[in-house]
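Peer 1: My questions all concern the structure below.
Read the figures in this text as sums done on the coordinates, not as results from a lab. Bear in mind that the values here come from a model prediction, so they are computed numbers and not experimental data. Ideal geometry is used to build each Cβ from the backbone, glycine not excepted, and the neighbour counts take in all protein chains shown.
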Amino acid sequence: MTIKLTDTERLILSNQYEILAAVSGADLAAQEHYDALADNLRQGHAYLYRGILQQVQPEFTADQTAWLVDVLAMYGALKQSHAELSGDRTDVVTYPLWPGFDTNSEMEWLSYSRALHAAHLYTDVLGENLKGAHGAMAPRYSRMLARWDEMGKSQSLDLQQYNEIMSTRSPSDD
């Protein structure tokens, strides 16, 4: 992703780096680094300041965000329904803890999940251990979500609905 800065944005960012240099205290290396960035931004030396812009990830679209929120809501419904259905029954498919996203191919989804957790959202689904999964999870979630959508996104699933969503996962998913 290439980010182009306007002259005004370069000036604002340059001023911010000057402030960072001023508050760096005794850290002379940091001071020099921030002063150099501020100068390069003011002078328009894009080649020398482009690296700081590489850290900015593209914004998630509304559709991507809605998909993730729906997946987490579905897992919340599965968790709640499992608690209501399980008891002494043996015909309830085991509730899987939130498996997360693959650390190799789905890092942006994992990062967003962690950000939601840090914002204290969906913590009941995400749990405390936000490790990455070993393998792509988005296809599994999409299959499960399609089935849950057909059920009207019910928050309280009966046994048949619960097992249907859980069985939507492919055998290789487990």
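Peer 1: Only counting other Cβ atoms within 10 Å, I'd like 72, 28, 130 sorted with the fewest neighbours first.
Peer 2: In increasing order of surrounding Cβ atoms, one gets 28, 130, 72.
Peer 1: For residue 115 and residue 8, compute 0.36 nm times the residue count separating them, minus their Cα-Cα distance, and round to one decimal in nm.
Peer 2: 35.5 nm
Peer 1: Now a separate question. For 74, 107, 166, 151, what ranking results if the residue with the fewest other Cβ atoms within 10 Å of its Cβ goes first?
Peer 2: By the 10 Å Cβ count, ascending, the order reads 107, 151, 166, 74.
Peer 1: To continue, here is another question. Suppose a student asked you for the relative contact order of the chain, using Cα pairs under 8 Å spaced at least 6 residues apart; what percent would you report? Mind showing how you got there, number by number?
Peer 2: Details: 157 pairs, mean separation 35.0, N = 174.
After rounding, I find 20 percent.
Peer 1: Please report, in debye to the nearest 20, how large the charge dipole of the chain is about its Cα centre when each Lys and Arg carries +1 at its beta carbon and each Asp and Glu carries -1 there.
Peer 2: 180 debye
Peer 1: Report the local net charge at residue 145: Lys and Arg +1, Asp and Glu -1, summed over other residues whose C-beta lies under 11 Å from its C-beta.
Peer 2: +1
Peer 1: Obtain the radius of gyration and the Kirkwood radius of the chain from its C-alpha atoms and give Rg over Rh.
Peer 2: My calculation of the ratio gives 1.19.
Peer 1: Then there is this: Excluding residue 122 itself, calculate the net charge of residues whose Cβ lies under 12 Å from the Cβ of residue 122, where each Lys or Arg counts +1 and each Asp or Glu counts -1.
Peer 2: Around residue 122, the surrounding residues sum to 0.
Peer 1: Treating the beta-carbon of each Lys and Arg as +1 and of each Asp and Glu as -1, no other charges, what is the dipole magnitude of the stretch 7-53 about its Cα centre, to the nearest 20 debye?
Peer 2: 140 debye
Peer 1: Taking 0.36 nm per residue of separation and subtracting the Cα-Cα distance, what length does fully extending residue 80 through residue 123 add?
Peer 2: Contour length minus Cα-Cα distance gives 14.1 nm.
Peer 1: Sort 57-63, 142-148 by packing, meaning the average of other beta carbons within 10 Å per residue, with the highest value first.
Peer 2: Output ranking for 57-63, 142-148: 142-148, 57-63.
Peer 1: I'd like to verify something in the chain: which complete DSSP H helices, judged by Cα projection on the helix axis, reach 24 Å or more and average at least 0.0 on the Kyte-Doolittle scale? Could you put the intermediate results ahead of the total?
Peer 2: On the way: long enough: 62-85 (33 Å, 0.24).
Long hydrophobic helices here: 62-85.
Peer 1: Additional query: Averaging sequence separations of C-alpha pairs under 8 Å and six or more residues apart, then dividing by the length of the stretch 7-53, give the relative contact order as a whole percent.
Peer 2: So the answer I get is 38 percent.
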